[in-house]
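The values are calculated or read from the model by the stated rules, or taken from the named source; none is laboratory data. From a predicted model like this one, the values you see are computed outputs, not experimental measurements. All Cβ positions, glycine included, derive from the backbone under ideal geometry; neighbour counts span all protein chains shown.
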Amino acid sequence: MAHPTQSGAPQVHTEDLIRVVQEAGDLILSMQARGLQAVETKSSSIDLVTEADVAAENHIRQSLQERYPGIDLWGEESNQLPESEYYWIVDPIDGTINFANGLAYFGVNLAFNHREQTLIGITLELPSRTIFVARAGEGALRRDPDGQERTLRVNQVNNLNAALVNTGFPYHRAEHEDNNLAEFSYFTARTQGVRVMGSAALDLINVAQGALAGYWEGWLNAWDAAPGALIVREAGGQVTDYRGQPWQVTSDTLVASNGQPALHQALIDGIHTARQQLRSSLLRNVD
């Protein structure tokens, strides 16, 4: 797992990146165990940031800079757009509300990108410390804390009513009707079930490892989804925007599925059907 990712790319070693993510995970869990001293808000009262988010992003930034100088980092907490051709995308804690409340469903995201193409994606599931990793064109795998590895594969569910799916809600959900409630209601009545667990990073992982047949959400950022989108694709799934176009780091909507054409189209069609009842839209180029 140590080799250049493509011709002309920096010599990035996947095991280096895994170690950096694991170190960040250890830092996050140790800070949680000691008790969080500072929990603040960002865009709204339910958009949280803790001192662990900031410390973990700073650790990842410093560690990657020491190993690979000259590669910019686009992180959730700093949110500085990269200027370098190759760059890192980092979410130090995806699922901060879960983390702050002691709910065991959060993780660390790290992607290595060339422009809009994700070359390496890593998600560390916490608190289990399970690693999920994919390299473009080389498949995806799960590495358990004991070192055992297995290849990730999506499931084969091919119709909506047999599909267990997942979603999430935007921070503005109390302020505007375009808040995913219409879509949630639509799929609740037409699927095996809809889960809302609070971490886009891990929701995508669960599509990749076959626990979920699909996942949709709007208003995601690159750091929420870049690693998981690559992992789903490398596990045999499909990731698009709400229009059915391939998801990119600039997309603000996402539909991930096991890649079964009928199921993926049913997710997209259902989203559009549900959204017809909205009086106004906050999403770009969707309705």
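Every condition in (1) outside any strand (DSSP E or B); (2) in the same structural domain as ASP269 (by TED's automatic domain parsing); (3) of a type in the set (A, V, I, L, M, F, W, C) holds for VAL165 except the one numbered (1).
Tell me which strands (runs of 3 or more DSSP E) are completely within the range 199-287 and hold 2 or more residues being under 16 Å from ALA134 (Cβ atoms), or say none if there are none.
Details: elements: 214-218, 238-240, 253-257.
Output list reads 238-240.
Only one entry in ALA136, ALA225, ALA174, ALA182 is buried (at least 19 other Cβ atoms within 10 Å of the Cβ), over 21 Å from ALA262 (Cβ atoms) and out of contact with any Phe, Trp or Tyr (no Cβ under 6 Å at 6 or more places or on another chain), namely ALA225. Each residue in the range 99-108 was checked for being at pLDDT 95 or above and either assigned to a helix (DSSP H, G or I) or surrounded by 24 or more Cβ atoms within 10 Å (Cβ to Cβ) (or both), and 3 pass. Residues that are buried (at least 19 other Cβ atoms within 10 Å of the Cβ) and within 17 Å of ASN206 (Cβ to Cβ) are absent from the range 61-84 altogether.
Selection of the range 144-169 for residues being crowded, with 16+ Cβ neighbours inside 10 Å and free of Cβ contacts under 8 Å to residues at least 60 places away in the same chain yields LEU164, ASN166, THR167, GLY168, PHE169. Scanning the range 188-220 for residues that are of a type in the set (S, T, N, Q) and crowded, with 17+ Cβ neighbours inside 10 Å, which turns out farthest from GLU138 (Cα to Cα)? Checking each candidate, the answer is THR191.
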